[in-house]
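I have placed the structure first, in the form of structure tokens, so that the comments after it can refer back to it.
The values are calculated or read from the model by the stated rules, or taken from the named source; none is laboratory data. On a predicted model such as this, the values are computed, not experimentally measured, just so you know. Please note: Cβ atoms are built from the backbone with ideal geometry, for glycine as well, and neighbour counts cover all protein chains shown.
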Amino acid sequence: MRSSKLFPLAKKASAEEARDKSGLTKIQWDRFYIITKDEANRVVQTNISWTWPRVPANVKVQIIDLVNTALRNESIPEVGEDVLEWRMSIAIRDSRHNLCK
């Protein structure tokens, strides 16, 4: 994984900061964005009340594995947990918002 545990991504980081931290190119980031959006939609369809902090640890591990496997299948480097946590918090929030419209 690319992210350093010494300097984790801040929760309030911008998308540009997160992409820089991930080390992904713009094209790779776009795929990462879509993959995580799809995973967030699945989480919310299963449990509308979940936010990322409320997702059980075993489910988080499965999601992280699924996302990184999907990235590897497209020859995209894995991203660190800090970047994935940052992205999934936003993606689940957005998915919940869109579902409750």
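Descriptive notes on the structure:
Results for (1) part of a helix (DSSP H, G or I); (2) over 20 Å from K11 (Cα atoms), shown as yes or no for each residue.
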| residue | (1), (2) |
| --- | --- |
| S49 | no, yes |
| P53 | yes, no |
| L66 | yes, yes |
| A70 | yes, yes |
| D82 | yes, no |
| I92 | yes, no |
| R96 | yes, no |
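- Of all residues in region 43-85, those that are of a type outside the set (S, T, Y), free of Cβ contacts under 8 Å to residues at least 24 places away in the same chain and loosely packed, with under 13 Cβ neighbours inside 10 Å total 8.
- Residue in region 20-35 that is of a type in the set (D, E, K, R) and either at pLDDT below 95 or not in a helix (DSSP H, G or I) (or both) present: yes
- Cβ-Cβ under 8 Å pairs, at least 6 apart or on other chains, region 19-32 side in contact (Cβ under 8 Å) with a residue 60 or more places away in the chain, far side of a type in the set (K, R) and not in a helix (DSSP H, G or I): K21/R2; S22/R2
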